[in-house]
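S.K.: The following block contains the structure, expressed as structure tokens.
The values are calculated or read from the model by the stated rules, or taken from the named source; none is laboratory data. As the structure is a computational prediction, the values presented were derived from the model and not from experiment. Virtual Cβ from ideal backbone geometry, glycine too; neighbours counted across all protein chains shown.
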């Protein structure tokens, strides 16, 4: 059980999301232009809310180019954050940069995370996450300055798998891109590089089921480990990678009104829902809508982008960023291929 929990902590490091403050001794790596909290004087931003089909309120940030002309309808992009993070972590950066290129963009907090509704918080609910993206398309489609025939979707880390899941049943998403994607279902079932055995998975599911009964009876909610709060000599390299983003000023963020110590972990009793999540099944049905999979050549998650690319129908492209790890593509603007993303969405969402 302990070994499987450790594997989860590593393979779901991004689940740790919005992070408590790191110890004063921890140093942040701001190389390659790390700029998670980037702001632009060329873009207007405002908070918006809308409801998904579960009648839950979803919160987002709507970005529009300041030079947007009246009575002109623009292409738009929905942007999803890493699993367990919030829109202020990576998603806002991507949304800002793409809005600078003339797109309307909408970064969202997935349900049960950040400022979006959902109780208890940090619940794993992939079907609802998937619907959040379609709800974002609903919202964008009703904006007078958005061309509802030119809406795309971009998912970072775990949101890459949620975007694919949504696009399979929502043809309004005309172009789909993922960055540093995790297949959250495969990651839970098998771990990285098939490192989790079926026996370990079954043992963990048994523990989660027992915890579900505890919570049903009014017991305290429990969370599984996410990114560690302190580094030791034995800390895994992948955990160190996540720590540097989520546990230092580089990317640490606590949503309004939330307790910092609770913003790092998914609930133990709900994370097993990923065992039934198969986002890449039928991915070929998204064709002929185009797909772009971006991953780093050093990314521990690279296997998921390669798997999705292999299964997807045409047109598709796998773009591998040199000298980039998984978390590097969250915020290192000198490594993130924004020009590639711009060309992709500009070309595929052309009028």
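Conditions (1) on the phi > 0 side of the Ramachandran plot; (2) free of Cβ contacts under 8 Å to residues at least 24 places away in the same chain; (3) more than 24 Å from the chain's Cα centre (by Cα), marked per residue:
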{"residue": "210", "(1), (2), (3)": "no, yes, yes"}
{"residue": "215", "(1), (2), (3)": "no, no, yes"}
{"residue": "219", "(1), (2), (3)": "no, yes, yes"}
{"residue": "224", "(1), (2), (3)": "no, no, no"}
{"residue": "227", "(1), (2), (3)": "no, no, no"}
{"residue": "240", "(1), (2), (3)": "no, yes, no"}
{"residue": "243", "(1), (2), (3)": "no, no, no"}
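S.K.: Give region 252-269 a look and list any residue that's in contact with a helix residue (DSSP H, G or I) (Cβ under 6 Å, 6 or more places away or on another chain) and modelled with pLDDT under 90, or say none.
M.R.: Across region 252-269, the qualifying residues are 254, 264.
Every residue, every condition in (1) surrounded by fewer than 20 Cβ atoms within 10 Å (Cβ to Cβ); (2) touching a helix residue (DSSP H, G or I) at 6+ places or on another chain (Cβ under 7 Å), yes or no:
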| position | (1), (2) |
| --- | --- |
| 283 | no, yes |
| 287 | yes, no |
| 297 | yes, no |
| 313 | yes, yes |
| 325 | no, yes |
| 330 | no, yes |
| 333 | yes, yes |
| 339 | yes, no |
| 347 | yes, no |
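S.K.: So which residues in region 297-333 are touching a residue at least 60 places away in the same chain (Cβ under 8 Å) and either in a helix (DSSP H, G or I) or more than 20 Å from the chain's Cα centre (by Cα) (or both), if there are any at all?
M.R.: Once the filter is applied, which keeps residues that are touching a residue at least 60 places away in the same chain (Cβ under 8 Å) and either in a helix (DSSP H, G or I) or more than 20 Å from the chain's Cα centre (by Cα) (or both), region 297-333 yields 303, 304, 305, 307, 308, 328, 329, 330, 331.
S.K.: Condition first: surrounded by fewer than 20 Cβ atoms within 10 Å (Cβ to Cβ) and under 17 Å from residue 279 (Cα atoms). Now tell me which residues in region 171-227 satisfy that.
M.R.: 171, 189, 190, 191, 192
S.K.: OK, next. For residue 233, which of the numbered conditions (1) more than 27 Å from residue 119 (Cβ to Cβ); (2) modelled with pLDDT of 95 or more fails to hold?
M.R.: Every listed condition holds for residue 233 apart from (2).
S.K.: Something else now. Residue check, residue 293 against (1) touching a strand residue (DSSP E or B) at 6+ places or on another chain (Cβ under 7 Å); (2) over 27 Å from residue 317 (Cβ atoms); (3) not in a loop (DSSP other than H, G, I, E, B), all met but one. Which one?
M.R.: Single failed check for residue 293: (2).
S.K.: On to the next question. Pairs please, first residue from region 23-46 and at positive phi and surrounded by 15 or more Cβ atoms within 10 Å (Cβ to Cβ), second anywhere and in a loop (DSSP other than H, G, I, E, B) and modelled with pLDDT of 95 or more, Cβ atoms under 6 Å, 6+ apart in sequence or on different chains.
M.R.: Final answer for the pair search is 32/334; 32/335.
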